[in-house]
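Before any comments, here is the structure.
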Amino acid sequence: MTQSGYTVTVAKDLADLIPSFMSNRRKELETLRTALAASDFEELRRLGHRMKGAGSSYGFDLVSTIGKTIEDAAKASDAATIGSNLDTYEDYLAKVEIVYE
Amino acid sequence: MSEAVARSRVMGLSSGFRVLVVDDDPDMSEFLAHMLRAEGMDATTATDGEEGIAKVHAEAPDLVLLDVMMPGLSGFEVCARLKSDEATAMVPIVLVTALDEPVRREELVARVKTLRRLHETRRELERRRLATEVENREAIRRAFSRYISPRLAERILEDDGADGELFSRRAQRVEVVALFADLRGFTSITERTEVVEVVAMLNEYFSILTDAAYHHDATIFNMAGDSLLVGFNVPFPQEDAAKRSYLTAEEMVSRFAPVATRWEQRYGVATGVGVGICMGEAILANVGSPHYTSYTIIGNPVNTAARLMQTAPANQVLMCRSVYDKISDLVPSNRVEPRGEVTLRGKEEPIAIYAARVVVPD
């Protein structure tokens, strides 16, 4: 366990794809913030759904978990839950450490 | 590049199986494509339904992995469009959904590999089926070529279906030109030569006659002793059947002439081909027992041609008037003479006979 508390183990053969994956996540966070500011729950639901699919596939289970929470909260127009999850997401993206094996 | 990808490229396997991944999330499509490439497959991606459909048309992939939830055209709609288009209906599609579960890597790879094996098995079966078909066709062609000219054999094979009746047991009444040819003077040679030699001589003689027959697309019906029966206008209509028959006769006679010269020098006996041709209605049928069947023509023109052949001297073509009328422009008048009349069985009117002398090279 590292200091951040966020460690992800990724299959070595996926290494080539990770930089693009991470950069897409950061852009995604921006898009999520914009959508939340505009109360665009449909867009939030769609983005959450997408996170759910991509996250675990690459080995980033927490991305999927946050994605599912955002998707469900967006259906209920629950801006507060989405806001707190976006903070968690931002923290995660800043601190996550990737171990290839 | 992963080891598996590198290995498959070195082995040239990467071009074997082509998969198109359609997903609106580039991370997902790249992820799926990456997995497939690691298994030695070729993978391309499309980011929405319209692009996916366009790429299926352009690239004709062996398999499509299709995301269900996409903005614009959904995976279901893309699937429906591909299945309703004849050009793309046969492309296998795997619908991928992130509705409840993240994509299980092993499971998806296993499914794709199964589909790939299925695809390869199907392709191999198709290849074998085609190979067998070509082989069968070749065997049929070879078998036919012993009776009819290779060109006719080819035509029969091409007419597949339409001519199921062509060689059926059902007899047909057809207009036919019958040509009989035999070898004058040969009997006296057989009396003074070895059997082995006689067979070789007959083979040489029949080779010339069948070559001449095939040259003009005749069908060979019978070979007995030293006589040969060929027909024209059967099994396919030949508008110029009479002309073909005369040209065949001429070619038989003139091409045999050098052989006759050689045989005369060797055995001291003059030989030569005599021909009888007659045309009229005959019956075309497979005749025989379940054990032995012969495809043959029966009727007056055949009998008459046989009688004409029997009386034709070497290097002469005897023909009935109806044949001569159609070929008169092929023979200079100084080489033709009328030879009286014969009465065909079952007919009251006798028919006139003409004899054409074939000029043979010295």
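Laboratory data are not the source of any read-out in this text; all were calculated from the coordinates shown. This is a predicted model, so every value here is computed, not measured. So basically every Cβ, Gly included, is an ideal-geometry build from the backbone, and we count neighbours across all protein chains shown.
Brief remarks follow.
- Shielding of peptide A:22-29 by partners, expressed as the average count of other chain Cβ atoms within 10 Å per residue Cβ, is 1.
- Evaluated over the stretch B:212-284, the Cα radius of gyration and Dmax, each in Å: 14.2, 43
- Mean projected area of the Cα convex hull of the stretch B:234-362, taken over all directions, amounts to 10.3 nm².
- Note on the stretch B:292-362: with charges restricted to the Cβ of Lys and Arg (+1) and Asp and Glu (-1), its dipole about the Cα centre is near 140 debye.
- Sequence-distant contacts, meaning Cα pairs under 8 Å at least 6 residues apart, place the relative contact order of chain B at 12 percent.
- The angle between the Cα long axis of helix B:26-38 and the longest principal axis of the Cα atoms of chain B comes to about 50 degrees, rounded to the nearest 10.
- Full-extension gain in nm, B:Arg321 to B:Arg128, via 0.36 nm per residue minus C-alpha separation: 64.0 nm
- Shape call, the stretch A:47-101: gyration tensor on alpha carbons, a/c limit 1.5: oblate
- Rounded to the nearest whole angstrom, the semi-axes of the ellipsoid equivalent to the protein assembly as shown, taken from the Cα gyration tensor as √(5λ), stand at 89, 24, 16, largest first.
- If you take all other residues with their beta carbon under 14 Å from the beta carbon of A:Ala76, and give Lys and Arg +1 and Asp and Glu -1, the sum is -1.
- Positive-end residue, the stretch A:6-100 charge dipole about Cα centroid, Cβ charges, pick of A:Pro19, A:Leu32, A:Thr65: A:Pro19
- Largest first, the extents of the alpha carbon coordinates of the stretch A:6-100 on the three principal axes equal 39, 21, 18 Å.
- Remark: the B:Lys113-B:Glu341 segment gains 73.9 nm on full extension, using 0.36 nm per residue and subtracting the alpha carbon distance.
- Cα centroid separation - the stretch B:28-50 against the stretch B:187-248, whole Å: 67
- Ordering B:Leu130, B:Leu20 by the number of other Cβ atoms within 10 Å of each residue's own Cβ, fewest first, gives B:Leu130, B:Leu20.
- Taking the C-alpha atoms of chain B, convex hull volume expressed per residue in Å³: 251
- At R0 = 60 Å, FRET efficiency that the Cβ-Cβ distance of A:Thr31 and B:Ile140 yields, to 0.05: 0.30
- In terms of other Cβ atoms within 10 Å, A:Glu71, B:Glu337 run from fewest to most in the order B:Glu337, A:Glu71.
- Secondary structure note: in the protein assembly as shown, about 65% of the DSSP beta bridges are antiparallel.
- Spin-label model, A:Ala38 to A:Thr9: label points 7 Å out along the Cα-to-beta-carbon direction sit 4.1 nm apart.
- Computed log₁₀ I(q)/I(0) - Debye formula, equal Cα scatterers, no solvent, the stretch B:178-299, q 0.20 Å⁻¹: -1.08
- Karplus-derived 3J(HN,Hα), 6.51/-1.76/1.60, for each residue of the stretch B:250-265, Hz, glycine and proline x: 4, 5, 4, 5, 6, 6, 7, 3, x, 5, 4, 4, 4, 5, 5, 4
- Neighbour counts of C-beta atoms inside 10 Å place B:Asp62, B:Asp85 in the sequence B:Asp85, B:Asp62, starting with the fewest.
- Segment B:Thr187-B:Asp211, length gained on full extension (0.36 nm per residue, minus Cα span): 6.3 nm
- Angle in degrees between helix B:49-59 and the longest Cα principal axis of chain B, rounded to the nearest 10: 30
- Non-local lysine pairs in the protein assembly as shown, meaning eight or more places apart or on different chains, with alpha-carbon distances under 26 Å, amount to 19.
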